[in-house]
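Structure, as structure tokens:
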Amino acid sequence: MMAVLCAGCFLWTTVPPERETPESLYEKGHKDYQEKNYKEAIESFQRLKEEYPLSTYAISAELGIADSYYHDEDYISAEAVYREFIDFHPTNENLPYVMYQIGMCHFSQMLDVDRDQTETRLAKESFEKVIARYPTSAYSFTAEQKLRDCRKRLGEHEFYVGEFYFNRENYRAALSRFEVIARDYSNLGLDYKVSYYIHETRRLLAKEEKKGAD
């Protein structure tokens, strides 16, 4: 009877699951990423990073985590992971891409011209860093295009504020904004209307000052 009971015990013994390899975890994460299952992808990449920190797949997993957050539109988490990557891998060949992606995290959160432009300015600063540090990188060329978009958005914001002051006959404040655009945001498609508004604002300001003198 003891032999039978022991045999029964053996049949009910649970076999421990085989531990997944770095390669299998990466492939699973990559597959989920390609299928836009970003949360599942993060889970696999995170396991790889924690269980196999010295694996050749570990760095790719870190980028996979950041990219998954980015495409899942969790830009705050994505930026945090990208910045962590820079801190831990300051000489890695992927740095131009990582720095560009930090810019894209802010670029993706830019607001309309009538709203606060903090994210636009942060995106602009990030793209300028890519261009300055990695001028020959493929991401430098793309960063230049995005930088132009940021500068145009900031110029349009200045124009929106300037026109707001102009319509309320606060000509000094309006002129200040239009002159900033002429100085800092030229050749972005705003030159003609800005030139007109500067001329008209100065004319109305002079008229106003002459009336006050009389």
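The values are calculated or read from the model by the stated rules, or taken from the named source; none is laboratory data. If you're wondering where the values come from, they're calculated on a predicted model, not measured in any experiment. We place every Cβ from the backbone using ideal geometry, glycine too, and count neighbours over all the protein chains shown.
Looking at Val180, Val161, which one is closer than 30 Å to Ile76 by Cβ and either modelled with pLDDT under 95 or more than 23 Å from the chain's Cα centre (by Cα) (or both)? After ruling out the rest, the residue left standing is Val161. So, of the residues in the range 77-121 that are hydroxyl-bearing (Ser, Thr, Tyr) and surrounded by fewer than 16 Cβ atoms within 10 Å (Cβ to Cβ), which turns out to be nearest to Pro53 (Cα to Cα)? Taking the candidates together, the pick is Thr91.
Here Cys150 meets the list (1) within 16 Å of the chain's Cα centre (by Cα); (2) under 28 Å from Gln34 (Cα atoms) almost entirely, failing just condition (2). How many residues are surrounded by 15 or more Cβ atoms within 10 Å (Cβ to Cβ), of a type in the set (Lys, Arg) and farther than 24 Å from Gly103 by Cβ if we restrict to the range 122-178? The qualifying residues number 1.
Can you give me the number of residues within the range 132-172 that are over 29 Å from Asn94 (Cα atoms) and among the basic types (Lys, Arg)? The total comes to 2. Please tell me if Val113 is over 30 Å from Glu62 (Cβ atoms), in contact with a helix residue (DSSP H, G or I) (Cβ under 6 Å, 6 or more places away or on another chain) and not in a helix (DSSP H, G or I). For Val113, the condition - over 30 Å from Glu62 (Cβ atoms), in contact with a helix residue (DSSP H, G or I) (Cβ under 6 Å, 6 or more places away or on another chain) and not in a helix (DSSP H, G or I) - is met.
Among the residues of the range 35-58, the one identified as closer than 19 Å to Asn92 by Cα, surrounded by fewer than 17 Cβ atoms within 10 Å (Cβ to Cβ) and in contact with a helix residue (DSSP H, G or I) (Cβ under 8 Å, 6 or more places away or on another chain) is Thr56. When Lys211 is tested against (1) exposed (fewer than 14 other Cβ atoms within 10 Å of the Cβ); (2) outside any helix (DSSP H, G or I), only condition (2) is not met. Selection of the range 142-163 for residues being in contact with an Asp or Glu (Cβ under 9 Å, 6 or more places away or on another chain) and of a type in the set (Phe, Trp, Tyr) yields only Tyr160. Picking from residues in the range 55-70 that are hydroxyl-bearing (Ser, Thr, Tyr) and in a helix (DSSP H, G or I), the one that is farthest from Lys39 (Cα to Cα) is Ser60. Looking across the range 182-198, just one residue is surrounded by fewer than 11 Cβ atoms within 10 Å (Cβ to Cβ), assigned to a helix (DSSP H, G or I) and of a type outside the set (Phe, Trp, Tyr), and that is Arg183.
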